[in-house]
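Contents: one structure, followed by commentary.
The values are calculated or read from the model by the stated rules, or taken from the named source; none is laboratory data. No experiment lies behind these values; they were computed from the predicted model shown. Here the Cβ positions follow ideal geometry from the backbone for every residue, glycine too, while neighbour counts run over all protein chains shown. Ligands, DNA and RNA are stripped out before the accessible areas are found, and what is left, the full protein with its side chains, is counted by its heavy atoms. Shrake-Rupley method; radii C 1.70, N 1.55, O 1.52, S 1.80 Å.
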Amino acid sequence: MAEGRSLAGKKLLITGGAGFIGSNLIHFLLQEYSDLRIINLDKLTYAGNLDNLRDVENDPRYEFIQGDIRDRELVEKIMPRVDAVVHLAAETHVDRSILDAGEFVLTDVFGTFVLLDVARHNQLEFFLHVSTDEVYGSRETGCFSEDDPLHPSSPYSASKAGADRLAYAYWVTYHQPVMIVRPSNNYGPYQYPEKFIPLFITNALEEKPLPLYGRGTNVRDWLFVEDHCRALEMVMIKGIPGEVYNIGSGNEVPNIEVARKITQLLGKPESLIRLVKDRPGHDLRYALDWGKIKSLGWQPQVSFDEGLQRTVNWYTHHEEWWRKIKEKSLDYRRFYQSYYQDRQAEE
Ligand code: NAD
Ligand code: DAU
């Protein structure tokens, strides 16, 4: 691995480690480092799932604490025990933020404040804040660099933008060693099946309709979660406090094309794809200039075709994992569907 800060022998606090990216990161780091220790602080909301971490739950290097990042007393007990923080815990689903923004503001903004404020009174090597490319808002051409202004457009991305700038303020004001990353759309194993790619894969496996918003022309830059984990490792080692790093992959694909690829990979008919009423305020396109992290020595290794094939294979072989949690999200989905009537039904 690249020279720089050493993670060997260190103890990390990972928040939101029972979620999609967090559980992938924990697997990745425990495989890479024999003497790294991890505390995973997670509230276990609907999106947190200890099944994601069954294989490491008895690993002496790993400790799970169920709790809320907003609980200052709890965070004050944990922070002195660690050398550094990787902060992932958040409410993350844009559609849910449109229906009810409250938890997004409380967890994503206030929860981040609690962590930063407690960290201020502890000597940390770094506080890596995981933001998102959505803080920049949408753009039709070109791509965003780290110095561009933020124009978030959903309650989710606005909450993340608040957290992002709060983290930066703790660097400027208190010289906290904060580093910020803004990753693009992740996909891969263990992603909750309410997000686009796992929802479409699991619906296709069940031969249920694939609800494509609007005309399916929205574009996302798809980053395989394993590449994201490598990027986070790179920033932990070589990142500079006070700096922001975009993490993109150059895999810009319109949603309709992603949906078609999924049906093809699973040998299902394209007629499963249904155009439904658009998400309100739906960002058309996200695109990042990720030259800055590239100059640290990172670049993605997994092409979209390879990553999507691996993801489809994973969901095909882990039906028990997704069936259990998909059932739990059905109430939300029904509420959502009644809120956004199916466009075909309207026409
Ligand atoms: P996720 O929804 O799969 O997991 C979030 C985790 O945070 C869950 O385990 C949940 O239980 C936990 N959590 C929520 N509220 C909490 C609280 N108050 N206290 C403690 N734990 C709490 O999310 P993800 O997709 O893994 O995203 C992780 C982070 O990466 C988020 O900050 C998200 O904004 C950011 N991000 C995600 C993507 C993506 O495409 N998934 C892209 C860019 C940035
Ligand atoms: O860009 C990074 C962000 O990516 C993260 O910060 C968020 O946490 C993460 O949820 C994701 O946000 P998106 O809104 O881009 O992801 P989602 O999977 O919800 O949707 C991806 C695209 O697919 C988007 O254009 C909306 C569309 N979509 C989504 C769903 C759930 C559909 O067409 N139909 C659907 O049912």
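Listed values, structure above:
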read-out: Helical segments meeting 15 Å axial Cα length and Kyte-Doolittle 0.5 threshold in the chain (DSSP H); value: 20-32
read-out: Fraction of beta bridges assigned by DSSP in the chain that are antiparallel (%, nearest 5); value: 10
read-out: Built amide H within the under 5 Å cut-off of residue 132, gap 5+; value: none
read-out: Charge dipole magnitude, Cβ of K and R +1, D and E -1 - the chain, Cα centre, debye nearest 20; value: 120
read-out: Selection from 13, 105, 210, by position along the positive dipole direction of the chain (Cβ); value: 210
read-out: Anisotropy class of segment 59-125 from Cα gyration tensor, a/c 1.5 cut; value: prolate
read-out: Highest average packing first - 31-41, 13-23, Cβ atoms within 10 Å; value: 13-23, 31-41
read-out: Relative pair counts by distance (%), Cα atoms of segment 6-58, 10 Å bins; value: 26, 57, 16, 1
read-out: Alpha carbon Rg of segment 75-184, scaled by the compact-globule rule 2.2 N^0.38 Å; value: 1.09
read-out: Convex hull projection area averaged over all views, the chain, Cα basis, nm²; value: 16.3
read-out: Taking the convex hull of Cα positions in segment 161-238, its mean projected area over all directions (nm²); value: 7.2
read-out: Links that overshoot a 27 Å alpha carbon limit, given the list 294/324; 10/328; 268/328; 160/324; 11/238; value: 294/324; 10/328; 160/324
read-out: Magnitude of the charge dipole, segment 25-140, Cβ model with Lys/Arg +1 and Asp/Glu -1, debye to 20; value: 300
read-out: Rule-of-thumb Rg ratio for segment 216-283 [Cα; 2.2 N^0.38 Å; N residues]; value: 1.53
read-out: Dipole magnitude of segment 131-274, debye to nearest 20 (Cβ charges: Lys/Arg +1, Asp/Glu -1, about Cα centre); value: 340
read-out: Cut-off under 5 Å, modelled amide H: who pairs with residue 19 long-range; value: 49
read-out: Under the Karplus curve 6.51 cos²θ - 1.76 cosθ + 1.60, θ = phi - 60°, whole-Hz ³J(HN,Hα) for segment 65-82, x wherever Gly or Pro sits; value: 10, 7, x, 9, 5, 7, 7, 4, 4, 5, 4, 5, 6, 7, 4, x, 8, 10
read-out: Under Karplus coefficients 6.51, -1.76 and 1.60, residue-wise ³J(HN,Hα) of segment 136-143 in Hz, glycine/proline x; value: 6, x, 9, 8, 7, 9, x, 8
read-out: Solvent exposure of segment 58-184 as accessible area per residue, Å², 1.4 Å probe; value: 41
